[in-house]
């Protein structure tokens, strides 16, 4: 019975976890008009769903008393995982004494709904917590977006790099970082003015962002006129392809640059690095290697790619 109950990607996703089919049916019928619904009939099935790429629910309705792994343990594992700890959990349970409720709240649950439950109460509480999560997600997303270019900022890049490094450690897959710098940008600013410089940054950001071929790849404004991309499960050949694409796509903008000795239009220098994550190393080392390669590309004349394998 684990799986999807309804498909509408514009609606928030609610995961119902209960080992009693009749409870799942009632809750699903209560919510399916307003939400996408997935169900799981065991704690492990719930964790499997939550852990899938792109499958994180916006809220979880979680039964406490289940065979095998109970709801408390499911909640603890969800809240212990940085990738899932932000998902609000509401316990739906017949265990209504104060100690049980306190235990659930201390584990990170947002609310309790007692059994037997009333559909109107379920809808109201789910709506309240979904609304709160959407507002929280919006605030977090705004804090992770560069205000000028509209792409992710350095904070978002650092968080993504750390998460993908840990994923690479778990899966034994390589990780690549690509860094780019707009050539002679200070001279561009001095000649065309800061307004012109801002427009240049936005155009370059669009060109670089449109170069990414996979949803898992992520790029950000690293600072000033620098940009960087994190590419999970990518070897040096794949990183080099993106690096060259960045050079080509920025050149294709043909933005005039009267003060560049690299070309008569705006160009970028690009460095890349790739390695297999190791426990004894850090993602910062990979970032520093890509930055070193970027420095070499600039030292060799700019408007080119330099990489480390």
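The values are calculated or read from the model by the stated rules, or taken from the named source; none is laboratory data. Predicted model only: the values in this text are computed from it and were never measured. In this analysis, Cβ positions are derived from the backbone assuming ideal geometry, glycine residues included, and neighbour counts consider all displayed protein chains.
Key figures for this structure:
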{"item": "Segment 86-97: number of residues that are modelled with pLDDT of 85 or more and either surrounded by fewer than 17 Cβ atoms within 10 Å (Cβ to Cβ) or farther than 23 Å from residue 55 by Cβ (or both)", "result": "2"}
{"item": "Any hit, segment 157-167, residues being free of Cβ contacts under 8 Å to residues at least 24 places away in the same chain, more than 16 Å from the chain's Cα centre (by Cα) and either in the same structural domain as residue 11 (by TED's automatic domain parsing) or not in a loop (DSSP other than H, G, I, E, B) (or both)", "result": "no"}
{"item": "Candidate set: segment 58-82, residues that are within 20 Å of the chain's Cα centre (by Cα) and over 18 Å from residue 122 (Cβ atoms); chosen: the one surrounded by the most Cβ atoms within 10 Å (Cβ to Cβ)", "result": "78"}
{"item": "Which numbered condition residue 84 misses (of (1) in contact with a helix residue (DSSP H, G or I) (Cβ under 6 Å, 6 or more places away or on another chain); (2) under 18 Å from residue 20 (Cβ atoms))", "result": "(2)"}
{"item": "Residue tally, condition at pLDDT below 90 and closer than 22 Å to residue 130 by Cβ, over segment 54-85", "result": "9"}
{"item": "Qualifying residue in segment 110-121 (condition: out of contact with any strand residue (DSSP E or B) (no Cβ under 6 Å at 6 or more places or on another chain), closer than 30 Å to residue 209 by Cα and modelled with pLDDT of 85 or more)", "result": "no"}
{"item": "Residue match in segment 143-153 (condition: in contact (Cβ under 8 Å) with a residue 12 or more places away in the chain, surrounded by fewer than 15 Cβ atoms within 10 Å (Cβ to Cβ), touching a helix residue (DSSP H, G or I) at 6+ places or on another chain (Cβ under 8 Å) and not in a helix (DSSP H, G or I))", "result": "yes"}
